[in-house]
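Asker: The structure follows.
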Amino acid sequence: MYLRQFVPESDFDTIRKWINDARTHAMWCANRFSFPLERSNFISVLDSHAATTGDTAFVAVADNGRVVGFFCYSLNRDTNEGMLKFVVVDPQQRGKGTAAEMLELAAEYAFDNTKAAVLHLNVFPENIRAVRCYEKAGFIERNTTPDAFAYGDEHWGRCNMVKYR
């Protein structure tokens, strides 16, 4: 597996197929993108994040050339903390170590290329599968804000997880 920058013309149509229901979509992106995913909105949000926080969108590519994962990364130069956002893998790849491998490559990029002191991400604690995945990849809980996001009648917390070199 290797990482490369996201190319909308060739990658969007693959990624948009990975999230098919509104709740999973909200768990993934806190409704930052429209549902279902729509190309112009997706690109617009990515461009906005790039302009405001320096996010770069990446895809993970399997050895067979197939795109199997997506995330955004930025470095806060004031705190020297790298941040992952919008982490998702192809549902057909879940449970196969794909996310763990992608996260390890993302951590290597953050620590080696951008010299981040720490890497962090936010996850809804109610997204138990994602939390377990991040824990397996070496992330630990730094703090949790209860009731940070409302989805219908549900109220989800926001767990900030960190990984140190």
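Nothing in this text is a laboratory measurement; each read-out follows from the coordinates by a stated rule. Please read these numbers as outputs of a predicted model, since none were measured by experiment. When we count neighbours, we look across all protein chains shown, and the Cβ atoms used for this are built from the backbone with ideal geometry, even at glycine.
Asker: Sort through TYR109, TYR134 and tell me the only one that's of a type in the set (Phe, Trp, Tyr) and more than 13 Å from the chain's Cα centre (by Cα).
Answerer: Numbers: TYR134 fails: more than 13 Å from the chain's Cα centre (by Cα).
Result: TYR109 is the single residue among TYR109, TYR134 that is of a type in the set (Phe, Trp, Tyr) and more than 13 Å from the chain's Cα centre (by Cα).
Asker: Follow-up question, since we're still on this one. Mind checking whether some residue in region 110-129 is charged (D, E, K, R) and assigned to a helix (DSSP H, G or I)? Can you show your working first?
Answerer: Kept after step one, since they are charged (D, E, K, R), are these residues of region 110-129: 112, 115, 126, 129.
Next cut, assigned to a helix (DSSP H, G or I) only: 112, 129.
The answer is yes; a qualifying residue exists.
Asker: Quickly run through region 17-62 and pick out the residues that are polar (S, T, N, Q) and either in contact with a Pro (Cβ under 8 Å, 6 or more places away or on another chain) or under 18 Å from GLY152 (Cα atoms) (or both). Spell out the reasoning first.
Answerer: Looking only at region 17-62, we keep the residues that are polar (S, T, N, Q), and these are 20, 24, 31, 34, 40-41, 44, 48, 52-53, 56.
If the condition is that a residue be polar (S, T, N, Q) and either in contact with a Pro (Cβ under 8 Å, 6 or more places away or on another chain) or under 18 Å from GLY152 (Cα atoms) (or both), then ASN20, THR24, ASN31, SER34 are the ones that fit.
Asker: For region 8-52, which residues satisfy the criterion of being farther than 20 Å from ARG129 by Cβ, among the β-branched types (Val, Ile, Thr) and free of Cβ contacts under 8 Å to residues at least 24 places away in the same chain?
Answerer: If the condition is that a residue be farther than 20 Å from ARG129 by Cβ, among the β-branched types (Val, Ile, Thr) and free of Cβ contacts under 8 Å to residues at least 24 places away in the same chain, then VAL45, THR52 are the ones that fit.
Asker: Run down LEU103, LEU119 and say which single residue is within 16 Å of TRP28 (Cα to Cα) and either of a type in the set (S, T, N, Q) or surrounded by 15 or more Cβ atoms within 10 Å (Cβ to Cβ) (or both).
Answerer: On the way: LEU119 fails: within 16 Å of TRP28 (Cα to Cα).
Testing whether each residue is within 16 Å of TRP28 (Cα to Cα) and either of a type in the set (S, T, N, Q) or surrounded by 15 or more Cβ atoms within 10 Å (Cβ to Cβ) (or both) leaves just LEU103.
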